[in-house]
Amino acid sequence: MSSGQGRVDVQIEQKSSDDTPTGNEHPNTCPSCGSHYRDDELARTLRVCPQCGHHFPVRARERIEQLADPGSFDEEDAELRSADPLEFFDLRPYAERLVEAELATGLGDAIVCGRATIEGEECRLAVMDFSFMGGSMGSVVGEKFARACESAAAGGVPLVCIAASGGARMQEGILALMQLPKTICAIEDLHESGGVLLSVLTHPTTGGVLASFASLGDVVLAEPGALMSFAGPRVVAQTTREKLPDDFGLAESNYRFGHVDAIVPRDELRPTVSKLLRLFGRS
């Protein structure tokens, strides 16, 4: 294919979440109260601001360390990598973006799956990482989640999913969108086997991930202040031309309307998930 064929030139709006530092701002500056922290200080508090309770983003492997018993996590399907069947090109080739994301994060894609125990309770973990291309769901994310469902069903243990995503990955087009029904079917198969999905929504969980597996847990938990909305507040406000409530799309609003079962602070997440594993686990 010649260089002028198969390329889609688009203008990409640069977006940053409230947790993304700008300019010379220190990366561990709390966006809510402005407090500054060292890495080790935030690590001791599970990356939660001790002054105001703001929950900083957590990378996938750090999240696993927070939840799983030491040394118990055994990663599965780490070798899977996204292909580029559409030869997608916006301002840069998709293949180049994938390599850059892997070098920056040390991950093969935006989800890490494997076996683990949490306070002695066996489970399967599927943990998303927003640092890898905004936690977007492409074919590999969908495949790894589906395999995690199969592994949980085969082992007769619950699946614990920690979601953090900007939605389906646009560079994979329809292939990414087809991961919505694929992951939903995988959960149906898990349920038919008698299995359980425990879903934890973190900031942000949006788009196709929220519209598929993230919302289908037998129990759905959320971290305080997490955004969980199909589209962000700014997009919704521009579309509807209406002023939205200050807590639109946040965990607290979703809890009020019954979309999540509980809002769990990060320091309570491990014992809460462990309690649920004891409740739903089976021999």
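The values are calculated or read from the model by the stated rules, or taken from the named source; none is laboratory data. Just so we're clear, the structure is a prediction, and the values are computed from it rather than from any experiment. Backbone-built Cβ (ideal geometry, glycine too); neighbour counts: all protein chains shown. Heavy atoms of the whole protein, side chains included, go into the accessibility calculation; ligands, DNA and RNA do not. Shrake-Rupley method; radii C 1.70, N 1.55, O 1.52, S 1.80 Å.
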Can you tell which of LYS144, LYS243, LYS182 shows the greatest fluctuation in a Gaussian network model of the chain with Cα springs below 10 Å?
LYS243
Summed over the other residues with a beta carbon less than 11 angstrom from that of TYR255, with K and R at +1 and D and E at -1, the charge totals -2
Under the rule of -39500 (n - 2.57) per DSSP H run of 4 or more residues, summed and divided by the residues of the chain, what mean residue ellipticity at 222 nm is obtained, to the nearest 500 deg cm²/dmol?
-9500 deg cm²/dmol
Over its alpha-carbon atoms, the chain yields an Rg and a Dmax in Å of 18.8, 59
Which cysteines does the chain leave without a neighbouring Cys Cβ under 4.7 Å?
CYS113, CYS123, CYS149, CYS161, CYS185
With both partners inside the chain, how many of the DSSP beta bridges are antiparallel, as a percent to the nearest 5?
45
In the chain the accessible area split gives carbon plus sulfur, as whole percent at 1.4 Å, a share of 53
Which distance in Å, rounded to a whole number, links the C-alpha centroids of segment 207-268 and segment 54-107?
23
Label-to-label distance, nm, for residues given as HIS36 and ARG241 (7 Å Cα→Cβ offset):
4.6
Highest first, please rank the peptides 201-209, 188-196 by the mean number of other Cβ atoms sitting within 10 Å of their residues.
201-209, 188-196
Determine the order of SER32, SER151, SER215 by accessible area, beginning with the largest, at a probe radius of 1.4 Å.
SER32, SER215, SER151
